[in-house]
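Working notes, structure below.
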Amino acid sequence: MVCTRLKIVLLLIVTVSVSACYFALQTLQAAPKGNAAVPRYIFLFIGDGMGAAQVELSSALLHDAQSFTMTSLPVLGMATTHAADRFITDSAAAGTALATGWKTTVGTISMEGNHLDTLRTIAEMAKAKGMKVGIVSSVGIDDATPACFYAHNATRKNVYDIAVQMASSGFDYFGGGYSVGNFPENQAKTKVFRGDIADLMHSSHYVIARNTTELKAVKPGTPCWAYTDYDAKGALSFAMDRRNEEIDLAEFTREGIRLLYNPKGFFMMVEGGKIDWACHANDATAAAHDIKAFEKAIGEAFAFYQRHPGETLLVVTADHECGGLTLGRRANGYETRLDLLHHQNVSQQRFSEKVSAWKKQGAVTFPMALDSVKVYFGPGNVEADSSLALSEADRNMLQEAYTATMRADFSGTQHIDAFTPAVSALLNNRAGIGWNSNAHTAVPVQVFAIGRGAEAFTGFYDNTDIANKIMQIAKLKRPAR
């Protein structure tokens, strides 16, 4: 009996030893040349407003679960998101935490809460180390999250002053949305006008690419600011509204990799910013489509990781949750019909633009409006699905919202639209989707990772730890606070 037990113990020791040797060999084979512990290529993807419910909704509605890249990454963690002065954060404070590893106050861009001292970002540390740096976002390039990686300002509202810092950053690639700070009304608000942002970028030797053809023509190693058609807030179209000629987030990511790739490595931050905008509007379908676009961009980084597995670190997270999305409603019980969301084929923003045009024309009747609802959102389209039938109560609710919208004061480009949210809410309710808020929440967010040093991202921690882990893994020199 003793002999048998001894044999079993020896067998276990041998098995563990062989396994350890095997995994050590695999690690060594995958290791980059030089310092085996340090990744050469680092990606940080931030889904603005993207909570776990948003990820699950997009996966269930638009993806085969097996092909959803971010949730297939082997390392999973959770991060808290509070700001220094508030339990529920905004994108500036959260972006600062992810960019610098320090907490700050709501509205602050990579500065101490006292607004006296700047906080150095991981992008700036990477640049100082000799790596190339790229910043990509589907919203304005001077919006809060991207700004936190290259700029320092007491308030996110100073968009012109933030945009000016692109030209002096020394970063190698800016891609995605336009500069909101370069809009004339924002240029006029600044205390010190330093010139047109495009002129400043040209003076700092950046090539400006405004479409796919121009972007593909930029040679690797050339500093570049690339953007595509943008809306009134400098952002890309919602993914479900995008026209074929517009550059999407995945192409900005793919071209960024091409331009940044070099032996010394790079750091790239990519933000899916319009996920948050969709959630503020409680537009579940638009949020799902923008997560799909974000997921496609992650796919570009994952493909790069597969070519350089021992040299790459890929981290995906969110700055906060937005909207308090729930996959289920009391009124629906355990029943959901997420497939009904497929009947929506434009974002709330695009439909609201149509409502604004109706108001200007003054010739669209309520029955005509219901026809548009049927075409663009589905409610009333009983030929497609009986669940889309409108009850008398539904019609009365929609008519009340439509009448209020048509009668509301209207000036310039601003209009009060109660009709579009009412239509969207009706569809969401039928699908079994619930929203608790039109603002951010304090729900912890997911962290997904793969690659060199990815195991550090397991567990439950604060959002500041994400930046600190990247600094430690990449051996970035962090200055004393």
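The values are calculated or read from the model by the stated rules, or taken from the named source; none is laboratory data. Fair warning: this is a prediction, and the values are worked out from it, not measured in the lab. Note that each Cβ is placed from the backbone with ideal geometry, even for glycine, and that neighbours are counted across all protein chains shown. These area figures cover heavy atoms from the full protein model, side chains too; ligands, DNA and RNA do not enter into them. Shrake-Rupley method; radii C 1.70, N 1.55, O 1.52, S 1.80 Å.
Taking the residues in segment 220-254 that are acidic (D, E) and either open to solvent by less than 30 Å² (accessible area, probe 1.4 Å) or more than 19 Å from the chain's Cα centre (by Cα) (or both) as candidates, determine which candidate is nearest to S137 (Cα to Cα). Applying the filter and picking the extreme gives D248. Whenever a residue of segment 252-264 is in contact (Cβ under 8 Å) with a residue 24 or more places away in the chain, its partners that are open to solvent by 80 Å² or more (accessible area, probe 1.4 Å) and assigned to a helix (DSSP H, G or I), lying with C-beta atoms within less than 8 angstrom and at least six residues away or across chains, give the pairs E255/K216.
Out of R350, R337, R307, one residue alone is among the basic types (K, R) and closer than 30 Å to Y41 by Cα. It is R307.
For every residue, the table says whether it meets (1) polar (S, T, N, Q); (2) closer than 30 Å to A94 by Cα; (3) modelled with pLDDT of 95 or more.
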{"site": "M397", "(1), (2), (3)": "no, no, yes"}
{"site": "H415", "(1), (2), (3)": "no, no, no"}
{"site": "A425", "(1), (2), (3)": "no, yes, yes"}
{"site": "S437", "(1), (2), (3)": "yes, yes, yes"}
{"site": "P444", "(1), (2), (3)": "no, yes, yes"}
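Does segment 303-319 contain at least one residue that is under 23 Å from H342 (Cβ atoms), in contact (Cβ under 8 Å) with a residue 24 or more places away in the chain and of a type outside the set (D, E, K, R)? Within segment 303-319 (the criterion being under 23 Å from H342 (Cβ atoms), in contact (Cβ under 8 Å) with a residue 24 or more places away in the chain and of a type outside the set (D, E, K, R)), the answer is no, since none of the residues qualifies.
The set of residues in segment 335-362 that are hydroxyl-bearing (S, T, Y) and open to solvent by 30 Å² or more (accessible area, probe 1.4 Å) contains only T336. A331 satisfies every condition listed in (1) part of a helix (DSSP H, G or I); (2) of a type in the set (G, A, S); (3) modelled with pLDDT of 95 or more except (3). Just one of the listed residues (T326, T317) is surrounded by 18 or more Cβ atoms within 10 Å (Cβ to Cβ), hydroxyl-bearing (S, T, Y) and at pLDDT 95 or above, and it is T317. Selection of segment 429-444 for residues being open to solvent by less than 30 Å² (accessible area, probe 1.4 Å), touching a Ser or Thr at 6+ places or on another chain (Cβ under 8 Å) and either closer than 28 Å to E335 by Cβ or among the charged types (D, E, K, R) (or both) yields A431, G432, I433, G434.
Selection over segment 448-481 of residues that are of a type in the set (S, T, N, Q), under 15 Å from W102 (Cα atoms) and open to solvent by 20 Å² or more (accessible area, probe 1.4 Å) gives a count of 2. I'd like to check something: does segment 196-208 contain any residue that is farther than 30 Å from L325 by Cα and in contact (Cβ under 8 Å) with a residue 60 or more places away in the chain? Scanning segment 196-208 turns up no residue that is farther than 30 Å from L325 by Cα and in contact (Cβ under 8 Å) with a residue 60 or more places away in the chain. Considered as a group, the residues in segment 51-72 that are assigned to a loop (DSSP other than H, G, I, E, B) and open to solvent by 10 Å² or more (accessible area, probe 1.4 Å) include one that is modelled with the lowest pLDDT, and that residue is D64.
Residues in segment 359-367: is at least one closer than 25 Å to C279 by Cβ, in contact with a strand residue (DSSP E or B) (Cβ under 8 Å, 6 or more places away or on another chain) and not hydroxyl-bearing (S, T, Y)? Looking through segment 359-367, none of the residues is closer than 25 Å to C279 by Cβ, in contact with a strand residue (DSSP E or B) (Cβ under 8 Å, 6 or more places away or on another chain) and not hydroxyl-bearing (S, T, Y).
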